[in-house]
1. Which of rounded, prolate, oblate describes the range A:25-105, given a ≥ b ≥ c as roots of the alpha-carbon gyration tensor eigenvalues and a/c under 1.5 marking rounded, otherwise prolate only if a/b is larger than b/c?
2. By its C-alpha gyration tensor, with a ≥ b ≥ c as the square roots of the eigenvalues, how is chain B shaped: rounded for a/c under 1.5, else prolate for a/b larger than b/c, else oblate?
3. Kindly express, to the nearest 10 degrees and within the range 0 to 90, the angle between helix B:17-31's C-alpha long axis and the longest C-alpha principal axis of chain B.
4. Which whole-number value in Å³ per residue fits the convex hull of the alpha carbons of the range B:83-185?
5. What's the angle, to the nearest 10 degrees (0 to 90), between helix A:116-131's Cα axis and the longest principal axis of chain A?
6. At q = 0.11, 0.12, 0.16 Å⁻¹, what log₁₀ I(q)/I(0) does the range B:147-225 have when each alpha carbon counts as one equal point scatterer in the Debye sum?
7. When the helices in chain A are scored as -39500 (n - 2.57) per DSSP H run of 4 or longer and the sum is shared across all residues, what 222 nm value do you end up with, to the nearest 500 deg cm²/dmol?
8. 7 Å from Cα along Cα→Cβ at both A:Arg202 and A:Ala131: what's the point-to-point distance in nm?
There are 2 protein chains.
Amino acid sequence: MAIRTQRTERRADALSKARIVEVAIEILDAGGESALTFRSLAARLTTGSGAIYWHVADKNDLLGAAADHVVAQLMAEVGCGAEPREAIRAIALGVFDAIDAHPWVGSQLFREPWRPAMLQIVEGVGGRLRALGIPDRVQFDAASALVHYILGVAGQNAANARLARETDRTDRAAFLAGVAARWAQLDPTEHPFVRQMATQLREHDDRKQFLAGVDLILAGVETVR
Amino acid sequence: MAIRTQRTERRADALSKARIVEVAIEILDAGGESALTFRSLAARLTTGSGAIYWHVADKNDLLGAAADHVVAQLMAEVGCGAEPREAIRAIALGVFDAIDAHPWVGSQLFREPWRPAMLQIVEGVGGRLRALGIPDRVQFDAASALVHYILGVAGQNAANARLARETDRTDRAAFLAGVAARWAQLDPTEHPFVRQMATQLREHDDRKQFLAGVDLILAGVETVR
DNA sequence: ACCTGAACACCGTTCAAGT
DNA sequence: ACCTGAACACCGTTCAAGT
């Protein structure tokens, strides 16, 4: 029974929360939120599904830790630019691009506002607003507005990515073109604006439009300075 | 076997999509997203779980239809105020209050941007922006910014409500106080802004802050007019 | 045409049993 | 201390069978 004893021998790469999160991110990136199950994760880690619970409280904790890891990495890459406005833009774009690469993060950011992911984003944006030297009251309103706007786009992109996967229109441009086509067919008297927006949606750069929204809020902040 | 024949007799209130959605909303409001299952729904409708599939494609369709119903009602109540800026504020507050009453709607708004719920919000906001007579380009950026901001707050409130239910801190004020307490205990050198924000969070009116965000974006729009 | 409810193929989570 | 994997209590969805 040499095979048997070898099988149960202690593995070289012992299980750890870091390793579990790492593999979880790989599964999420490859197959979306529905692909991550304790069974698929255990199979990839060549262990039992129950073993994961020794390192992770539950699935919520696992998803939260995975999102924290992605956001921590992105915030480290953003660094601390000199000019506050530019730094805020960099953070916003960093989150946008991170959700583009890991769509499932978008829906995770909302859960548990005391998690590192959310705290880092709020601190990153709010700290730069404080550096702008605007009144306290405005600081909090502006930080809240910017973070909620970023979350909103993140959540929408996450949902779109899920739908794109289901429809087999893998890339974002093709998916948005599909949405535009639907919008364009709406009743002109009931939805004149959405119809007009559809033509824009077909050829627009949504990353650029995202940044335009950030600038719009920042411009509003200057107003009440 | 009189009982048996009576049991299988056709009910007075026949099943319909409208009736299914109505009861689904009741369950969602009472017990949150996790309370709605085809089994619980079938029990409340005194029918088999399979019967629901005759009127509804799947759970996604059911949740979407429920959210559409709530949003349609709220948009009807908002009406069409004279001044565009006031109308946008009214729509935003309408969505905010609707999610306060039906938190599960918050996470549903993201899914399928061609659903009536999303279309009505985009049209409502965008149409009023057009009435302001600003350039096309700015109109679309502003509509995108406003809708994504509203969605972001909606999603966050939905997540908070779910957490509040799990923690038994049913009302929003108590939940936010709990978040504030956590934030206040953070490391002052790592999270100076979030710590300062915590004291604000404890006693602030988040409905008012939500409106302040809308005004901030509208002020930004005036800038590029 | 519409409804019934058992059956199927999954989940997350637990836990006695192992090393 | 850490891992294993069967078992439990659920899900959404399907579908033969009924009226």
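1. Numbers: a/c = 3.66, a/b = 2.48, b/c = 1.48.
Verdict is prolate for the range A:25-105.
2. Working: a/c = 3.03, a/b = 1.48, b/c = 2.05.
Oblate.
3. 60
4. Cα-based convex hull of the range B:83-185, divided per residue, equals 118 Å³.
5. That works out to roughly 30 degrees.
6. -0.37, -0.44, -0.73
7. Working: 11 runs with 163 residues, N = 225.
When only DSSP H runs of four or more count, the value is -23500 deg cm²/dmol.
8. Those two pseudo-labels are separated by 4.2 nm.
No value in this document is a laboratory result; all are computed from the given coordinates. The model shown is predicted, which means the values in this text are computed figures rather than measured ones. Neighbour counts are summed over all protein chains in view; Cβ atoms, including those assigned to glycine, are modelled from backbone coordinates with ideal geometry.
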